[in-house]
Amino acid sequence: MNVLRVRLDERGSIDRVVSATLDPEFFKVLLSSVLYADDMWVALAHGDGVPALRLPERPGFLGNDGGQPDSLFSRHARSGLKSSLVAGEESPAGAFAWVALRTISPEALNMRGSLVVAVARDTYRALEQWRQLMFIGVGILLAATVGSVAFLRVVHAGHDELRKVLDHEEEIRKDAEEKIWHQAYYDHLTQLPNRRLLLDRMSQVLAASVRHGRYSALLFMDLDGFKQVNDRHGHEKGDQLLLSVAHRLTKIMRAEDTAARYGGDEFVVLLGDLGSQYEEAKRSATAAAEKILVAMAEPHDLDGIMHVCTISIGMAIFGGRTESLDDIVKRADDAMYQAKSSGKNSYQLMEPS
């Protein structure tokens, strides 16, 4: 799967094109995590109904046109809902199944199309146990009138058990959705919000800042000499340092602020609502940056290795006017490089143009 992003210059011409290729194996591992019964299957399709992946694999599935009017995909698309539950025969020539479908099109990704995830169970297999109970009950009913009482009790018990099973399956489904959402929006090492979630929260803070005439700030941070830690002590110690930095950031930030891992050894802190005056916001952002420098100056215990890690911080104040997220991040990033150039272990502010 390829993801493209085009950046235009001031004249509207193409300045650069960024392309990322996502390994399908990632989707296979991710989607296979929701399969908890051998009669289940999971599939990923494009927004127009063209299948992209099915686990377990099935001959003819990827060549199938999911956009046919009577297909399960089309029934989901016609519902107009992001999530729907349909029942029918899997094409081509598949078993009758219950299928839960969900359309995925996060605004933060600016996707040209959408993806549809489908999770299904074979109806016959899912109800096999309860059919057996029904046959036993019918046999008792035919044997004698007295047996009807026992039959009703079995049915009643089976109903309660079926409800428990369905509730349990719903619990598993919700847990799986929460796990997938967490993997998509949080860094796997530090458990801080990742870049995708950070940009989503930035867009909300920026909209509120413009609407209410309040200022906010973005602090872009890069660890000084992080490569030497990996080279000298190994990547395991490097990961421990990243975890220690993440812990200290979350410990000193306000509850309404967001500390995120932007990538590699880069961290970002989003400070929301710093007041209605620019100078007031600048003082608050500066105080936060100084607090971070003091916290990071304390030695980090990397399983017996005491390592002193400094940090360079770039600040960008925003709010009161419409501005793109890319421009805000670029200002903070440029300011961080100024801090690096001026001797590291410091902060710099890039004023808005």
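The values are calculated or read from the model by the stated rules, or taken from the named source; none is laboratory data. Note that the structure is predicted; figures quoted are calculated from it, not measured. Positions of Cβ are backbone-derived with ideal geometry, glycine not excepted, and every protein chain shown enters the neighbour counts. The protein model used for the area step is the full one, side chains on, heavy atoms only, and it has no ligands, DNA or RNA in it. Shrake-Rupley method; radii C 1.70, N 1.55, O 1.52, S 1.80 Å.
Mind checking whether some residue in region 327-342 is touching a Phe, Trp or Tyr at 6+ places or on another chain (Cβ under 9 Å), farther than 21 Å from Leu293 by Cα and assigned to a helix (DSSP H, G or I)?
yes
Given Asp334, Asp301, Asp326, which one is modelled with pLDDT of 95 or more, surrounded by fewer than 18 Cβ atoms within 10 Å (Cβ to Cβ) and among the acidic types (Asp, Glu)?
Asp334
Quick check: is even one residue across region 185-196 touching a residue at least 12 places away in the same chain (Cβ under 8 Å), in a helix (DSSP H, G or I), surrounded by 13 or more Cβ atoms within 10 Å (Cβ to Cβ) and in contact with a Pro (Cβ under 8 Å, 6 or more places away or on another chain)?
Yes: region 185-196 contains one or more residues that are touching a residue at least 12 places away in the same chain (Cβ under 8 Å), in a helix (DSSP H, G or I), surrounded by 13 or more Cβ atoms within 10 Å (Cβ to Cβ) and in contact with a Pro (Cβ under 8 Å, 6 or more places away or on another chain).
Looking at Tyr36 and the list (1) part of a helix (DSSP H, G or I); (2) modelled with pLDDT of 65 or more, which single condition is not satisfied?
Every condition holds for Tyr36 apart from (1).
Which condition number in (1) surrounded by 18 or more Cβ atoms within 10 Å (Cβ to Cβ); (2) under 18 Å from Leu325 (Cα atoms); (3) hydrophobic (A, V, I, L, M, F, W, C); (4) in contact (Cβ under 8 Å) with a residue 60 or more places away in the chain is the one that Ile292 fails?
With respect to (1) surrounded by 18 or more Cβ atoms within 10 Å (Cβ to Cβ); (2) under 18 Å from Leu325 (Cα atoms); (3) hydrophobic (A, V, I, L, M, F, W, C); (4) in contact (Cβ under 8 Å) with a residue 60 or more places away in the chain, Ile292 is out only on (2).
Which of the residues spanning region 142-182 are modelled with pLDDT under 70 and either surrounded by 11 or more Cβ atoms within 10 Å (Cβ to Cβ) or not in a helix (DSSP H, G or I) (or both)?
The answer is Ala143, Ala144, Gly147, Ser148.
Scan region 289-300 and give yes if some residue there is among the hydrophobic types (A, V, I, L, M, F, W, C) and under 19 Å from Leu198 (Cβ atoms), otherwise no.
Scanning region 289-300 turns up at least one residue that is among the hydrophobic types (A, V, I, L, M, F, W, C) and under 19 Å from Leu198 (Cβ atoms).
Would you be able to say whether some residue in region 245-259 is part of a loop (DSSP other than H, G, I, E, B), open to solvent by 30 Å² or more (accessible area, probe 1.4 Å), on the phi > 0 side of the Ramachandran plot and in contact with an Asp or Glu (Cβ under 9 Å, 6 or more places away or on another chain)?
Checked region 245-259: no residue is part of a loop (DSSP other than H, G, I, E, B), open to solvent by 30 Å² or more (accessible area, probe 1.4 Å), on the phi > 0 side of the Ramachandran plot and in contact with an Asp or Glu (Cβ under 9 Å, 6 or more places away or on another chain).
Which residue is modelled with the highest pLDDT, if the candidates are limited to region 76-92 and must be open to solvent by 90 Å² or more (accessible area, probe 1.4 Å) and not in a strand (DSSP E or B)?
Result: Leu81.
Looking at region 314-323 only, could you name the residues that are assigned to a loop (DSSP other than H, G, I, E, B) and either at pLDDT 95 or above or touching a strand residue (DSSP E or B) at 6+ places or on another chain (Cβ under 6 Å) (or both)?
Passing the criteria: only Gly319.
With the requirement that a residue be within 30 Å of Leu302 (Cβ to Cβ) and free of Cβ contacts under 8 Å to residues at least 40 places away in the same chain, what does region 202-231 give you?
Across region 202-231, the qualifying residues are Lys227, Gln228, Asn230, Asp231.
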